[in-house]
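The values are calculated or read from the model by the stated rules, or taken from the named source; none is laboratory data. Keep in mind that what you see is a predicted model, and the values were worked out from it rather than measured. Neighbour counts are summed over all protein chains in view; Cβ atoms, including those assigned to glycine, are modelled from backbone coordinates with ideal geometry.
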Amino acid sequence: MELTREVTAEREYVMAEGLVLTREEAAKQLAGADAQKTLYLVAEVGGRVVGQAGFFRGEYTKNAHTGQLWIVVAREHRGLGVGRAMMERGIAWARSIGIRKLKLRVFATNQRAQNLYRSMGFVEEARLRGDVIIDGRVVDDVLMALWMDGQRGPPPGSKSANK
Ligand SMILES: CC(C)(COP(=O)(O)OP(=O)(O)OC[C@H]1O[C@@H](n2cnc3c(N)ncnc32)[C@H](O)[C@@H]1OP(=O)(O)O)[C@@H](O)C(=O)NCCC(=O)NCCS
């Protein structure tokens, strides 16, 4: 809870403002989570939660081959490998349940997060221009994706219905 509160208070990095879930709501979500669809990760140092991440499989048949994620690390523990460790764990889980495409959204100003995602193979797929205004600064919201089979899109030879 505290970590979420701290990171949202920084305002720079995540869309949410203030506490995302109460302790009771979080406990309820965790208790009801389906292990085939959801992975929550917590990184602890000396009993303090310093990192959290969530990975979620698409909830419908049409997007069950995709997953999305969020991740936060406490300010004083950033740049130490906690984020990378959680991303590696989450990607391995996504692969193990057959997810073919992982996606996330990141503010264009958040270079550290983009560096991490790019280093793991994520590429920019789309950009919502000026979708966010942070304390008067107009910022793009960038959609990044990782295709598990190493392709930059659907597998070659797959039939596209797009016109
Ligand atoms: C983004 C975030 C999750 C990364 O986690 P982290 O533990 O700080 O990252 P790591 O220490 O594992 O570093 C992984 C990579 O990030 C990049 N990185 C880390 N610190 C960086 C810095 N100060 N500047 C630029 N890139 C940096 C590097 O590519 C690094 O890889 P390397 O160690 O091989 O050089 C974390 O910094 C964070 O929670 N930031 C605030 C909240 C946030 O932005 N969440 C994501 C919203 S989309």
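Miscellaneous remarks
- Among the candidates Leu30, Leu41, the residue that is within 24 Å of Trp93 (Cα to Cα), surrounded by 13 or more Cβ atoms within 10 Å (Cβ to Cβ) and touching a strand residue (DSSP E or B) at 6+ places or on another chain (Cβ under 8 Å) is uniquely Leu41.
- Only listed residue being within 30 Å of Arg137 (Cα to Cα), modelled with pLDDT under 90 and more than 9 Å from the ligand (Cβ to nearest atom), chosen from Leu30, Leu21: Leu21
- Test: residue in region 33-56 that is more than 16 Å from the ligand (Cβ to nearest atom) and among the acidic types (Asp, Glu): yes
- Of the listed requirements (1) within 16 Å of the ligand (Cβ to nearest atom); (2) in a loop (DSSP other than H, G, I, E, B), Ser160 misses just one: (1).
- Unique match (being among the polar types (S, T, N, Q) and within 15 Å of the ligand (Cβ to nearest atom)) among Thr61, Thr8: Thr8
- The set of residues in region 103-117 being among the charged types (D, E, K, R) and within 13 Å of the chain's Cα centre (by Cα) consists of Lys103, Arg105.
Residue by residue, here is whether (1) more than 9 Å from the ligand (Cβ to nearest atom); (2) farther than 18 Å from Leu69 by Cα; (3) among the hydroxyl-bearing types (Ser, Thr, Tyr); (4) surrounded by 16 or more Cβ atoms within 10 Å (Cβ to Cβ) holds:
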residue: Trp93; (1), (2), (3), (4): yes, no, no, yes
residue: Lys101; (1), (2), (3), (4): yes, no, no, yes
residue: Ala113; (1), (2), (3), (4): no, no, no, yes
residue: Ser119; (1), (2), (3), (4): no, no, yes, no
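- If the condition is being aliphatic (A, V, I, L, M), in a strand (DSSP E or B) and under 15 Å from the mean Cα position of the chain (by Cα), then region 118-157 contributes Val123, Val142, Leu143, Met144, Ala145, Leu146.
- Considering residues of region 129-152 that are small (Gly, Ala, Ser) and at positive phi only, the residue surrounded by the fewest Cβ atoms within 10 Å (Cβ to Cβ): Gly136
- Residue in region 66-88 that is more than 13 Å from the ligand (Cβ to nearest atom) and surrounded by 13 or more Cβ atoms within 10 Å (Cβ to Cβ) present: yes
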